[in-house]
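Just so you know, all these numbers are worked out from the coordinates, no wet-lab data involved. Only a predicted model underlies this, so the values are computations on that prediction, with no experimental measurement involved. Glycine gets a Cβ as well: all are built from the backbone with ideal geometry, and neighbour counts include every protein chain shown.
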Amino acid sequence: MNSTIEEEQVTMTETNPSADEQPIDGEPAAVRALAEAMLEEMRSLHALRSAPVEAAFKAVPRYRFAPEAPLEEVYSARDAVITKRDEHGVAISSVSAPEIQAFMLEQAAIEPGMRVLEIGSGGFNAALIAELVGPSGHVTTVDIDRDVTSRAGELLEATGYDQVEVVCTDASESLPGDDEWDRIIVTVGAWDLPPAWTERLAPGGRLVVPLRMRGITRSLALEPVDEHFEAVSSEVCGFVQMQGALGHDERLFLLLGKAIGLRFDDENAPADMRSLDGALATDRRVEWTGVTMSAGESFASLELYLAGTLPHFCLLATVPGAAAEAGLTEDDERQFRLAHVDDDAFAYLLSRKRDDGRFEFAAAAFGGGAERAAARMAEQIRSWDALRPDHTAPKITIWPRGATALPEGFVLDKHHRRIVLSWTERT
Ligand SMILES: C[S@@+](CC[C@H](N)C(=O)[O-])C[C@H]1O[C@@H](n2cnc3c(N)ncnc32)[C@H](O)[C@@H]1O
């Protein structure tokens with residue numbers, strides 16, 4: 001999640017258990033201190049906003065849902081505990097970061113007595129939901145991976161949350177039972193929304209889902225309005241990718257051996273990427289934009305703006321050290337992942353600190369048409385800036401695939417839906 005100029009440095013207070021500290025309710029004293037520090041950090045990150053969600057975090061012992069991990073990792077507010085990797089070492093299952101779990105639960109606005117479906121199991125989040133719905137509610141958690149459902153089921157039982165129903169299924173194809181759900185919370189990165197998720201929402205229901213839009217993931221709280229859905233909130237997040245029928249692979253093009261990659265998440269890669277051959281051997285062109293941000297200010301909406309306006313938008317990935325070695329950055333510059341390909345050139349976002357302490361954005365580019373590619377990106381950065389201060393976050397609406405009467409905005413087509421990002425109509 002690379003959408004603030006300077007990542008905030010947060011220091012975690014670690015407390016070693018001393019002989020005279022007594023455990024509360026069987027909980028090791030070290031856990032208590034780490035859990036308190038984690039909650040404090042989540043409040044300061046504004047991830048934890050309501051008394052019920054905070055009470056749920058206090059009630060559920062997180063360390064018992066990640067018994068294999070060191071306590072400091074388990075209680076790090078911004079880190080997930082990876083519980084399974086694929087044969088290439090890519091994480092495919094985890095207990096999500098507390099910060100993300102908290103803001104998604106806040107987005108879901110769960111009330112006592114509700115029926116809630118969690119897609120993607122880890123155990124801990126389902127236990128938090130069980131606390132929120134209380135004894136009159138119902139929680140089902142589903143996962144495509146039997147190892148994950150077995151583990152989650154055992155951990156939920158061992159911690160006294162055996163009322164949570166755990167089901168193994170590919171949630172993009174079928175959801176258990178025939179009942180409707182007041183809330184569906186998807187805890188795995190989705191590229192599209194299958195019909196099952198919206199058909200099974202109860203009237204007045206809400207779907208919370210981390211949706212990938214050209215590689216940029218936002219956790220959206222979606223509510224139905226006539227035949228479409230509107231996002232009533234949006235949060236920056238990152239998730240392991242969905243497997244099964246809704247799995248969607250990115251297309252990755254490698255430059256300079258394997259040191260630099262351009263990742264396209266939708267069907268928007270140029271037909272022929274060979275035009276970029278030798279691009280990195282050309283001189284770098286940079287257009288400074290005059291658009292500035294203060295340290296710590298979020299530019300999350302710029303990510304979506306560029307994703308919507310640049311036809312061949314992609315994400316630039318570099319192996320450590322490669323950006324400077326390949327000449328992508330110079331001394332005081334920071335390179336971001338936002339990029340686009342423009343015929344025989346590619347451009348990407350840069351920033352550097354100015355004398356007044358603010359950070360200025362630039363578009364840098366390589367290739368035959370580097371000047372043009374940088375100018376196109378710089379133009380969009382300036383037009384995004386013109387929307388500030390009031391127009392930074394787009395209104396996001398989601399329409400059936402066949403819908404033609406759409407609001408004004410950038411349209412991203414998926415297999416089942418059309419997503420519209422509108423900077424003109426705002427929430
Ligand atoms: C981040 S983990 C879930 C974290 C969990 N909610 C927790 O307690 O923190 C994502 C899970 O989604 C599961 N998953 C991936 N694709 C799926 C699919 N199509 N249907 C159901 N589960 C899926 C993965 O197996 C993985 O266990």
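Worth a mention:
- Sparse-neighbour loop sites [GluC sites (Glu not before Pro); the stretch 163-256; at most 13 other C-beta within 10 Å; DSSP]: Glu173, Glu227
- Across the stretch 243-250, computed HN-Hα scalar couplings (Karplus, 6.51 cos²θ - 1.76 cosθ + 1.60, θ = phi - 60°) run 9, x, 4, 9, x, 9, 7, 6 Hz from first to last residue, x flagging Gly and Pro.
- Annotation: amide H-H contacts under 5 Å for Arg115 (H modelled 1.01 Å from N, sequence separation of 5 or more, or interchain): His138, Asp182, Arg183.
- Distances between every pair of Cα atoms in the stretch 19-246, grouped in 10 Å steps from 0 to the bin holding the largest one, split as 8, 35, 39, 15, 3, 0, 0 percent.
- Computed over the stretch 186-302, Kirkwood Rh from alpha-carbon pairs, angstrom: 17.6 Å
- The ranking of His88, His340 by Cβ neighbour count inside 10 Å, starting from the fewest, reads His88, His340.
- Assigned charges on the beta-carbon of Lys, Arg, Asp, Glu; the stretch 230-310 dipole about Cα centre (debye): 380 debye
- Amide H contacts for Leu48 (H built 1.01 Å from N in the peptide plane; partners 5 or more residues away or on another chain; cut-off under 5 Å): Arg43.
- Rounded to whole numbers, the Karplus 3J(HN,Hα) couplings from phi for the stretch 136-151 are 8, x, 9, 10, 10, 10, 10, 8, 6, 10, 5, 4, 5, 5, 5, 4 Hz, using 6.51 cos²θ - 1.76 cosθ + 1.60 with θ = phi - 60°, and x at Gly and Pro.
- Residues Ser150 and Ala326, FRET efficiency given R0 of 51 Å [Cβ-Cβ distance, rounded to 0.05]: 0.65
- Structure-based [θ]222 nm, the chain - -39500 (n - 2.57) summed over DSSP H runs of at least 4, per residue, nearest 500: -7000 deg cm²/dmol
- Cβ-derived FRET efficiency at R0 25 Å, Ser136 paired with Asp178, nearest 0.05: 0.75
- Efficiency of FRET between Asp356 and Ser50 - r from beta-carbon atoms, R0 51 angstrom, step 0.05: 0.85
- Shown here for the stretch 244-273: trypsin sites (Lys or Arg not before Pro) in loop regions (DSSP other than H, G, I, E, B) with at most 10 other Cβ atoms within 10 Å, namely Lys258.
- Computed on the stretch 251-385, with alpha-carbon pairs under 8 angstrom and 6+ residues apart, the relative contact order is 31 percent.
- For the chain, the Kirkwood radius over C-alpha pairs fed into Stokes-Einstein at 4 °C and 1.567 mPa s yields D = 56 µm² per second.
- Alpha-carbon radius of gyration plus Dmax, which is the widest Cα pair, for the stretch 317-359 in Å: 11.9, 36
- Fraction of C-alpha pairs exceeding 20 angstrom in the stretch 247-371: 42 percent, rounded to a whole number.
- Relative to the Cα centre, the charge distribution of the chain, modelled as +1 at Lys and Arg Cβ and -1 at Asp and Glu Cβ, gives a dipole magnitude of about 780 debye.
- Rounded to the nearest Hz, the phi-derived 3J(HN,Hα) couplings of the stretch 298-311 under the Karplus curve 6.51 cos²θ - 1.76 cosθ + 1.60 (θ = phi - 60°) are 7, 10, 3, 6, 5, 4, 5, 5, 5, 4, x, 9, 9, x, where x marks glycine and proline.
- Here the Debye sum runs over all C-alpha atoms of the stretch 311-418 as equal scatterers in vacuum, and log10 of I(q)/I(0) at q = 0.16, 0.22 Å⁻¹ comes out as -0.88, -1.21.
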